[in-house]
Amino acid sequence: MSATALQHIKHSGVENIFLDVNLRTPWWSLGKTIALLEEAHWVKLNRDELLKLSALTLDDIAPPLETVAQHFLQQHQLTGLIVTLGSKGVLGLNQDGACIQIEPPPACTLVDTVGAGDAFSAVALFGLMQQWDFTTLLNRAQQFATHIVEQRGAISTERTWYQTMLNQWNSH
């Protein structure tokens, strides 16, 4: 999303801004990204992006990822932070002090990672709109992203799979 579009959305009365960070060289700058972080309430990024954007080090020894994430959450006054960890799943933190790690199912067969981050974000946004509790949101987003990496391409050709997933979520 462009910065102009974000400004328009902010001024339209949106209460929560979800920022999905995607640092792609050479199309990002630290200053602009930090400015966007300062406007966000929820941020989703991957482990490498978190480390790039964090200045936290302790005596030149990298602290545990949870410590870096907690500092990032507080530094940017976020409502929630979601850090995707690739094959290790996801780490989620919120202002209430929750620190939750969800791992993908052990039987996951990696075929193609294209679209997994966007799939995760789509379900996280849906979960926020549906007011799912944080653990449920992370589990469902991880489940959805896992399905996406088990196939070729960013979307499933099985339309019934989407409806089955929605039905399952709506029944719980």
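Any idea how far apart residue 109 and residue 167 come out in nm if each label point goes 7 Å out from Cα toward Cβ? Computed distance between label sites residue 109 and residue 167 equals 2.5 nm. Angle of helix 134-149 to the longest C-alpha principal axis of the chain, folded into 0 to 90 degrees and rounded to 10: 70°. Size of the chain: Rg and Dmax of its alpha carbons, in Å, are 16.4, 53.
If R0 is 41 Å, what FRET efficiency do you get for residue 100 and residue 157 from their C-beta distance, rounded to 0.05? Could the numbers behind the result be given before it?
On the way: r = 32 Å, r/R0 = 0.77.
Plugging the Cβ-Cβ distance into 1/(1 + (r/R0)^6) gives 0.85.
Please compute the length gained on full extension between residue 48 and residue 11, using 0.36 nm multiplied by the number of residues separating them and subtracting their Cα-Cα distance.
Details: separation 37, 0.36 × 37 = 13.32 nm, distance 3.12 nm.
So the extension gain works out to 10.2 nm.
Between the helical axis of 116-130 and the longest alpha-carbon principal axis of the chain there is an angle of about 90 degrees.
Per-atom-type breakdown for the range 13-89 gives carbon and sulfur 52% of the accessible area (1.4 Å probe, protein chains only). Put a plus charge on the Cβ of each Lys and Arg, a minus charge on the Cβ of each Asp and Glu, and nothing anywhere else: the dipole of the chain about its Cα centre is then about 380 debye.
Around the amide H of residue 46, modelled in the peptide plane, lie the amide H atoms of 84, all under 5 Å away and 5 or more residues distant in sequence or on another chain. Per residue, the solvent-accessible area of the range 1-154 (1.4 Å probe, heavy atoms of protein chains only, all protein chains present) comes to 57 Å².
Between the listed residues 135, 75, 100, the Cα displaced farthest toward the positive end of the dipole of the range 32-142, a dipole computed from Cβ unit charges relative to the Cα centre, is found at 135.
How much of the pair distance distribution for the range 15-111 lies past 23 Å, counting alpha-carbon pairs only, in percent?
Tail fraction, whole percent: 27.
The values are calculated or read from the model by the stated rules, or taken from the named source; none is laboratory data. All figures in this text were calculated on a predicted structure; none of them were measured in a lab. Cβ sites come from the backbone with ideal geometry, for glycine too, and all protein chains shown count toward neighbours. Surface areas here come from the heavy atoms of the whole protein model, side chains and all, with no ligands, DNA or RNA. Shrake-Rupley method; radii C 1.70, N 1.55, O 1.52, S 1.80 Å.
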